[in-house]
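See structure below.
The values are calculated or read from the model by the stated rules, or taken from the named source; none is laboratory data. The structure displayed is predicted, hence computed values, not measured ones. In this analysis, Cβ positions are derived from the backbone assuming ideal geometry, glycine residues included, and neighbour counts consider all displayed protein chains. Heavy atoms of the whole protein, side chains included, go into the accessibility calculation; ligands, DNA and RNA do not. Shrake-Rupley method; radii C 1.70, N 1.55, O 1.52, S 1.80 Å.
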Number of protein chains: 6
Amino acid sequence: LSSHLSERGEVHMVSVEGKPTTLRRAVAGATIQMRPETARRLAAGDTPKGEVLATARLAGIMAAKRTPELIPLCHGVALTHVAVELSIDEAAAAVHITATAEAMDRTGVEMEAMVAVSAAGLTLYDMLKGIDRAMVLGSVRLLEKSGGRSGHFRREE
Amino acid sequence: LSSHLSERGEVHMVSVEGKPTTLRRAVAGATIQMRPETARRLAAGDTPKGEVLATARLAGIMAAKRTPELIPLCHGVALTHVAVELSIDEAAAAVHITATAEAMDRTGVEMEAMVAVSAAGLTLYDMLKGIDRAMVLGSVRLLEKSGGRSGHFRREE
Amino acid sequence: LSSHLSERGEVHMVSVEGKPTTLRRAVAGATIQMRPETARRLAAGDTPKGEVLATARLAGIMAAKRTPELIPLCHGVALTHVAVELSIDEAAAAVHITATAEAMDRTGVEMEAMVAVSAAGLTLYDMLKGIDRAMVLGSVRLLEKSGGRSGHFRREE
Amino acid sequence: LSSHLSERGEVHMVSVEGKPTTLRRAVAGATIQMRPETARRLAAGDTPKGEVLATARLAGIMAAKRTPELIPLCHGVALTHVAVELSIDEAAAAVHITATAEAMDRTGVEMEAMVAVSAAGLTLYDMLKGIDRAMVLGSVRLLEKSGGRSGHFRREE
Amino acid sequence: LSSHLSERGEVHMVSVEGKPTTLRRAVAGATIQMRPETARRLAAGDTPKGEVLATARLAGIMAAKRTPELIPLCHGVALTHVAVELSIDEAAAAVHITATAEAMDRTGVEMEAMVAVSAAGLTLYDMLKGIDRAMVLGSVRLLEKSGGRSGHFRREE
Amino acid sequence: LSSHLSERGEVHMVSVEGKPTTLRRAVAGATIQMRPETARRLAAGDTPKGEVLATARLAGIMAAKRTPELIPLCHGVALTHVAVELSIDEAAAAVHITATAEAMDRTGVEMEAMVAVSAAGLTLYDMLKGIDRAMVLGSVRLLEKSGGRSGHFRREE
């Protein structure tokens, strides 16, 4: 079922020492849906908007670095690059989030990118929940992945 | 726009010392979509399935306790109870996740419940990504909230 | 010499259970000196400046919450409020940092405020070191403290 | 203004995978000023003094390892060496702190050394604040740096 | 079997909000066995011994504060006091470790005391393993506990 | 006495940059003693037993990754593999714990394995203390170590 389970069916942190050290790269995406009014106010703001988006961006970057503490069986990875982008989609009453993670390592960085978009989205929720408690974070997904044995993966959307 | 912004439009951790200490409770939900085959294998497994679900559950509980480290403007809260439930919905090719958080505090615990379902879902993704990289975590949302000034909130679904 | 030392002269985390739970408040300050050119560029920027200052502010807030992990003998405190302010002083070629911390607790929050200004200053250094490696963080000091047995303290400057 | 800002003026963790892995080394310094009486008592103590200085030293070493959690855009670095030295300067009523950090990495370790002296100084403040609340931590600065593309840096003092 | 399991047999963080806030206190002990020569050298040392014991003591205190991060189902507790004592027993070629933890809380602090002696013992092992790799940490046990519904517990030894 | 002490007798994180990067491996063991009735109930359980053992196993794996935060002078190591095994020994009224840690690094991973068995044992204690407060964690010891300059070590038992 999962390589995270040993032959005895017990979780373990899988052995990666035999894998080559290559440039690993992953891109993940997510979307947070909100009321049109919330999106409008977020888009219309100036300094406050900057603060809100900067806070979510930083939360994503910082969470990516802590992925092995959050995801029990993840290996520690020395990330060489992390970026989080947020774009307000007023028409769709949503904010789209994308995160890129890179490392020179023996293991992939999908989880780092997935954690980054999730933390950025949750932080956005935290900052805006006072005006829109019903926002929904969704579409947390892997968009692209390269550098491992399994070859290049690009999600068809 | 947000109470997390000061009058100058700068982020701060809002002052809650004037709020009463009451029992705060929040329930959040999320769903992770997968290929029917993945859901079928997960449902059919016995011990491994237990390990996979137990790992996700623990990841959720442990992440809830670390919410103030992940969500930049969250207050530290001494949680008095956290529970995470996962149910395999083979028909919908999905796993539904629910988390409950409680505390006797001056501030709500929505974020703790939201972080718990997210971490549980991401951990599930991590453990199953080897067989289904295209899984999507979605519907991360607040289901219920009580104990604060804003009264009882229950999401209509 | 220090109440952090037991009668045997060994460090311990001092007992505070006999102290009353009151509103504790502390304000700390710091200043980071830079080349006039660096201060000028920081003051002239618009969006980038916002990002730089927001990042330092968040670093300060987040570090304050982790004070007991950094300062070995500090008690864990549930902060009810943290704010960090940065002001560019172009004339003095400096950025002044102030942090306020509050809690309803048995122990003071000086260290939380001191950690906040330090982390904000170090983050500013990190972001600007590419253009001015010789910046100096100084004047990290307690400005004000209230709520404990020792009465109100206000630094004379 | 800062390489920590992307072309869009947003913070990101800069890409370092193209940089060579070399021995990175940084030395930082700081000074904590106190009342002459405090310095005298600290210098006169024997076991207690040892405990106080050992605690500050360990706080500095441990904080250095957590630099990427404190400084939002810092890369994780596997430090190969950290040392923190404290010397009591009774004449100047001060304690001088020096920290050395080393790593075989793609990125410099200035921040690790800067964080180490700051945490050591703040810990000293914490332990002695009961007798001298007005102490000031200052002169937190980079003294030396080697191993990167920018060549050897030595601060002229 | 365990109150940490829900009716469905799944782990959860048990609900403690109905419990009264009282002074909770726990004392734990542990012993690290070593070669007689190692104990002799440790006992004979002066400054180095102080450093070694101070480091173990601090490691114990700091680990106690992080118990909820290490022990998955532990509640966060605001410790009001932690002390760790180490005594060299040259005759028995051992170091005895005792830790006391206290809090005003709804839940006991046994785990905090148990974690403190374990971390102190492991740190001692780390510092001395270069000269005695075969040391054994044992007798990690609860010595005393008070403040909860279950009454006073004192281990008979 | 210890290589963790500098020539001045002060703790430091020893320099390892001159050591070769090789596959480091360590195995540690521990045993938790309990009342025969506790062991019997643990062995007889089915789902709950799985949850209890899975929780201890995960606690061990996750703690191993955080070794450098717990053991003050430990270097950060990117573990390539961690596994924790628990076996119920009903005859001896005990649970035996074994942990294996591996890394491609300049420094050994004994402490990671020692921390893993300790955290797993303490978690077991936490989950079962409601029915058997007098359990004792012991025999925390290094069983095997390879990959460093000091050659292969295997404990004779």
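Quick notes on this one:
- Among the residues of F:13-25, the average count of other protein chain beta-carbon atoms within 10 Å of the residue beta-carbon is 4.
- Inter-label distance, E:His152 to D:Arg133: 3.8 nm, where each label sits 7 Å from its Cα along the C-beta direction.
- Only helices enter this figure: runs of n ≥ 4 DSSP H residues, each worth -39500 (n - 2.57), summed and divided by the residues of chain A, yield -10000 deg cm²/dmol at 222 nm to the nearest 500.
- On the beta carbon distance between C:Arg8 and F:Thr22, with R0 = 41 Å, the FRET formula returns roughly 0.40.
- Each principal axis of the Cα atoms in the protein assembly as shown has its own extent, and those three values, largest first, are 78, 72, 55 angstrom.
- Relative contact order of region C:23-148, pairs being alpha-carbon contacts under 8 Å that are 6 or more residues apart, as %: 46
- Percent of beta bridges antiparallel (DSSP, the protein assembly as shown, rounded to nearest 5): 100
- Percentage relative contact order, region D:109-157, counting C-alpha pairs under 8 Å, at least six apart: 31
- Net +/- balance of residues flanking C:Thr123 in space, Cβ distance below 11 Å, scoring K and R +1, D and E -1: +1
- Position F:Gly130, label points 7 Å along Cα→Cβ, spacing to each other copy in nm (shortest first, one decimal): 3.4, 4.0, 4.0, 4.6, 5.4
- The protection proxy used here, the mean number of other Cβ atoms lying within 10 Å of each residue, ranks peptides B:97-110, F:83-96 as follows, highest first: B:97-110, F:83-96.
- Shielding by partners for peptide F:98-111, expressed as the average number of C-beta atoms from other protein chains within 10 Å of each residue's C-beta, is 2.
- Using a 7 Å Cα-to-Cβ projection, F:Gly18 label spacings across copies, nm, ascending: 3.5, 3.5, 5.3, 6.4, 6.5
- Helical segments meeting 18 Å axial Cα length and Kyte-Doolittle -1.0 threshold in chain D (DSSP H): D:47-65, D:110-128
- Within the accessible area of the protein assembly as shown (1.4 Å probe), percent carbon and sulfur: 48
- Cβ-placed point charges (K, R +1; D, E -1), dipole of the protein assembly as shown about Cα centre in debye, nearest 20: 0
- GNM result for chain E, Cα springs below 10 Å: residue of E:Gly130, E:Gly121, E:Gly29 fluctuating most strongly: E:Gly130
- Charges were assigned to the Cβ only: +1 to each Lys and Arg, -1 to each Asp and Glu. The resulting dipole of region B:22-148 about its Cα centre is roughly 160 debye.
- Choice from A:Lys145, A:Lys129, A:Lys65 showing the highest fluctuation, given a GNM over chain A with Cα pairs closer than 10 Å: A:Lys129
- Net +/- balance of residues flanking B:Val84 in space, Cβ distance below 10 Å, scoring K and R +1, D and E -1: -1
- Projecting 7 Å from Cα along the Cα-to-Cβ direction, the label point of E:Ala43 sits 3.7, 4.1, 6.8, 6.8, 7.8 nm from its equivalents in the other copies, listed shortest first.
- Peptide F:116-124 is shielded by partner chain Cβ atoms: per residue, an average of 4 of them sit within 10 Å of its Cβ.
- Between region B:96-127 and region C:78-157, the alpha-carbon center distance in angstrom: 32
- Cross-link partners of C:Lys19 among lysines (Cα-Cα below 19 Å; sequence separation of 8 or more within a chain): C:Lys145, D:Lys129
- Within the listed set B:Met135, B:Met111, B:Met13, the residue fluctuating most in the Gaussian network model of chain B (springs between alpha-carbon atoms under 10 angstrom) is B:Met13.
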